[in-house]
1. Taking Glu20 as the residue in question, decide whether it is more than 17 Å from His95 (Cα to Cα), at pLDDT 90 or above, part of a loop (DSSP other than H, G, I, E, B) and of a type in the set (Asp, Glu).
2. Among what's in segment 482-500 and is closer than 17 Å to Phe554 by Cβ and among the β-branched types (Val, Ile, Thr), pick the residue that is surrounded by the fewest Cβ atoms within 10 Å (Cβ to Cβ).
3. Among the residues of segment 118-128, what is the count of those that are open to solvent by 10 Å² or more (accessible area, probe 1.4 Å) and among the aliphatic types (A, V, I, L, M)?
4. Please go through segment 51-70 and give me each residue that is open to solvent by 30 Å² or more (accessible area, probe 1.4 Å) and not acidic (Asp, Glu), ordered by number.
5. What is the residue count in segment 347-371 for residues that are more than 21 Å from Pro322 (Cα to Cα) and open to solvent by less than 10 Å² (accessible area, probe 1.4 Å)?
6. Among the listed residues Asp65, Asp106, identify the single one that is within 36 Å of the chain's Cα centre (by Cα) and not polar (S, T, N, Q).
7. Please enumerate the residues belonging to segment 608-661 that are more than 22 Å from Ala503 (Cα to Cα), in contact with a Gly (Cβ under 8 Å, 6 or more places away or on another chain) and surrounded by 15 or more Cβ atoms within 10 Å (Cβ to Cβ).
8. Would you say Gly272 is more than 21 Å from Asn134 (Cα to Cα) and open to solvent by less than 10 Å² (accessible area, probe 1.4 Å)?
Amino acid sequence: MKIKLICLSLALMAISCKKETPKYNSYTEYPSITETDLWPEYSTSKTTFKLWSPAAEEVSLLFYDKGDGGEATATQPMERNTDGLWEISVEGDLHGQYYTYQVKADGQWLEETPGIYAQAVGVNGMRAMVVDLNKTNPDSWGNDKGPAIKKPNEAIIYELHVRDITIDKSSGSSHPGKFIGLVEKGTIGPDSVKTGIDHISELGATHVHLLPSFDNYSIKEDQLDSPQFNWGYDPQNYNVPEGSFATDPFNAEVRIKEFKEMVKGFHDNGIGVILDVVYNHTGRTENSNFNLEAPGYYYRQWEDGKWSDASACGNETASDRPMMRKFIIESILYWAKEYHLDGFRFDLMGIHDIETMNAVAEAVRKVNPNIFIYGEGWTAGDSPLPEPSRALKKYTYEMPLISAFSDDLRDGLKGSVFDDKDTGFVSGKAGMEESIKFGVVGSIEHPQIDYKAVNYSDAAWTTEPWQAVSYVSCHDNHTIYDKLKISKPETSEEDIIEMDKLANAIVLTSQGMSFLHAGSELLRTKGGEHNSYNLPDSVNKIDWNWKSDNKSVFEYYKNLIALRKNHPAFFMPTGELVREHLAFFKTEPGIVAHTISDNANGDSWKDILVIYNANEEEVSVNVPGEWSVAVKGDYFNEKGIEKVKGTVKVPRLSMLVGFRK
C-alpha cells in the first residue's frame, strides 16, 4: 500500500519534529486536551492518526503489511501540534493497514505501541489496524437495541465468562468458547436440556454480565491449540474485543464483527449485555501502552516516585488526572455506541475518584437512558488518592447514578469470603438477621434496622435501593455451593442444597439489583477452588450434566426469577417507597420476615408476606391476618397453594411467600 502524506512536505515535517521539547516539572503541568478527539479518523480518502505525548521528543508512525511478524514497510515522523498532540494524515483508503506508534523520550526510543485509542488489532494485540467500522456491522445492526428498563433493580444479571458456558462438550456448541457460541440457538445437553443462550432465556435472566472481554495480555492468541485460561483482568487494548474468543484472531475485523453478532444475538432474545471493565490497572506497568505513550502520566505514584498499587496487580491508574479521566469516559462511550452495550461493571471501582465515576454515568445516560453502571466499592490496597475522593461503597450516596456490590448481604448470607470456615445466615450463624434486613431494603436508611448489628456497615450507604447489588456469589471466591460444602462439612447434601436455594431466594426477593453467578442454578462447583482466574477449563467450565442432575434446583431458580419479574413490589425504585411499603415484624432467631403493603410499585398483589427460615427445623410464625401462600418450600403457585391465618408453618431452610389481593 502506497503511503502519502497530506499537506505536509517532508522538509516541513523534518523542521516540525525538531521543535524544542517542552520541559515539565510534574504531571500537573502537562497540558490537557480533554475536548480533542484522539480516535483514529478513517475515511476512504484519508486516515488521520493522533497521539498525546507532551514530553515526547519525537514520535514515529510505522506501517506493516500484517498484524504480526515482518519489518515495517514505511515509517513517518509525526508532527507536534499544540498541547502535546502529535498528528499526521495519510492519503488513501487504509482499511486493513496495520500500524504502530513509537515515542522517543529522554533520548531513548520506547517500544512500539498500537496506541491506547486503537480500535482494531492484529493477533496478540501488538499492532493496531485501520478499520472501516461500518464493514464490521452485522445485518440490521442499525435497528439493534437492548431491553428497556426504568431502574437498574429491574435487571436480573447473570455473570459469566465467555468460555465457561460453551467450552464443555456437554454444551452441544458448534463454536465452543467463542463470542458467537454464546448466542447459538438450539444447543442441547444431556437429557436434551437447553444450554447456552436458550438456557439463559429459559432461566429468565434479563442481562448477561461478561467477564472482561477486551484484549488482554495473558492469552496468547497465536497459540490457541495449547490449553489457556484467564478471567481477563490484565488489560492490554481497552477498546478491542479479545481475540481468543473470535473464530480468527489473526484477522482484526473478525473479533469486532463477532462481538457485535453476539450482542445482537442476546438483544434479539431480549437480553441485555453488560461488560466488566478494568480501568483501575493495566496488565503491565513500565511497558504498558499507556507508558509507551506518556511515561508515568496515566498512573499514580507515591511521594517517593514508586508506583502505587491499590489494585494489588502492580499499579493503579490515575483517574483523577484529566487525560486518564478523558480516556475512561471516551472508552466507555465507545463501547456503548459502537457495540450497543447495556451496562458496565467497574472492577475495583474504589480506586477511581468519585468525580470520574459520576462523569462516566452522566455521559452514558445521554447515549442510552437504559444503560446502568455498578462496581466494586472497594480497593485491594492503599492509594495516594484521598479516601473521601474514592468511589467506595460507603460513598455510593454521592454517586446518584451508580450501584455498588453489597458485601454486607453477600457475607451475611454465607459467611466471610476471607474465611473458608465462616458461616452466615443460611448456614446457621447467629446474629446475622440485621445484615439480611439491611440487604433486603437495598442498603438504604430504614427505621427498623439496627445498623450497629449489621456485619460491615454501620450506616446506610445508598439513597435508592437499586444502588445496592444483591448477591451471594460471583466469579471471585468460592461458588455458593462450594462455600457451603466447605464451611459446613458435616451437613447433608440435601441441607446444603436447601441453604443454596434459600440464599438466592433472599437475593431475588431483595430490593437491590439481583445478581447471579452463572451455574448457581445448577449447583456449580469448582472443586473447592477459591481463585480460578488462570485455572483450566476442567475447573471453570459449566458441565451441563449438572442441569440434568439438578432439575429441581434449576426449576426453583427459574420460579424465583419469574416471581420477581411478575411482582414489581420486589424492585421498588426509591428509598422513600421502600420505607413507606416495606415493614419487618418481630420473629425468633434464624428468621427474617417482612410485609410489603398497598400494591407497592403498582404490584397486582395488595399485600405480600415474605419469611426466610434459616433454622434446620420447621417453624411456626405468627403473621398479621389472613394470607394465600404462593411459595412454600419447592412449591410455587401465584394463584395460591393454601390459606393461612394468624400462624403459618415455614419449612426448614426455606422461604415462604404469601399474598393478599
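The values are calculated or read from the model by the stated rules, or taken from the named source; none is laboratory data. Everything numeric here is computed off the predicted structure, so don't read it as measured data. Please note: Cβ atoms are built from the backbone with ideal geometry, for glycine as well, and neighbour counts cover all protein chains shown. Accessible surface areas use protein heavy atoms only, side chains included; no ligands, DNA or RNA. Shrake-Rupley method; radii C 1.70, N 1.55, O 1.52, S 1.80 Å.
1. no
2. My answer is Ile497.
3. Qualifying residue count for the region: 1.
4. Ala55, Lys66, Gly69, Gly70 - these are the residues of segment 51-70 that are open to solvent by 30 Å² or more (accessible area, probe 1.4 Å) and not acidic (Asp, Glu).
5. 1
6. Asp65
7. Selection gives Val623, Trp627, Ser628, Val644.
8. yes
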